[in-house]
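Worksheet: the structure to be examined is printed underneath.
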Amino acid sequence: MTEDFFKENPMTTTKKFNAPTSHTTAWVAQTWLSFIIAISATAIGIVYLPTDVWLKGYLGMGLLFSVGSTVSLSKTVRDQEEAKRMLSRIDEAKLERLLAEYDPFKQ
């Protein structure tokens, strides 16, 4: 009886999560190209800076650490968002199971 009710009334079911769509080739190429241009332009600017080698080395290390920190931060943020999404799916599955097992007409 309960299963028929849920099949006949699609509004009573909860929304399913869709998998994220993959990026287009153009978007991936654009992001890599902008990354390479930004790093190259900054590195060239450091090389041609009219100062001594020690300062150029310091700025170069700062550039490398900034890139590494950016990659780590973006990975951490992505992992946190994926964990939230996974917890939402688990909670939704628990709710669906409870709704499927609940029969208001059963005494």
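Rule-based calculations on the coordinates, nothing more; no lab input. Model, not experiment: these values are computed from the prediction. Ideal geometry is used to build each Cβ from the backbone, glycine not excepted, and the neighbour counts take in all protein chains shown.
Could you estimate the translational diffusion coefficient of segment 36-104 from the Stokes-Einstein equation, with Rh from the Kirkwood formula over C-alpha pairs, at 10 °C and 1.306 mPa s, in whole µm²/s? Spell out each step's value before the answer.
Working: Rh = 16.1 Å.
Estimated via Stokes-Einstein, D reaches 99 µm²/s.
Sequence-ordered 3J(HN,Hα) estimates for segment 51-66 from the Karplus curve with 6.51, -1.76 and 1.60 and θ = phi - 60° stand at 8, 6, 5, 4, 5, 4, x, 5, 5, x, 5, x, 4, 5, 5, 5 Hz, glycine and proline given as x. Fully extending the segment from Glu101 to Trp54 would add 9.9 nm, taking 0.36 nm per residue of separation and subtracting the current Cα-Cα distance. Note on Ala38/Asp79: beta-carbon distance plugged into 1/(1 + (r/R0)^6) with R0 of 22 Å gives a FRET efficiency of 0.35. Once both labels are positioned 7 Å from their Cα atoms along Cα-to-Cβ, the gap between Val67 and Thr25 label points is 2.6 nm.
What the phi angles of segment 32-42 give under the Karplus curve with 6.51, -1.76 and 1.60, with θ = phi - 60°, is a coupling list of 5, 5, 5, 5, 5, 5, 5, 5, 5, 5, 5 Hz, glycine and proline written as x.
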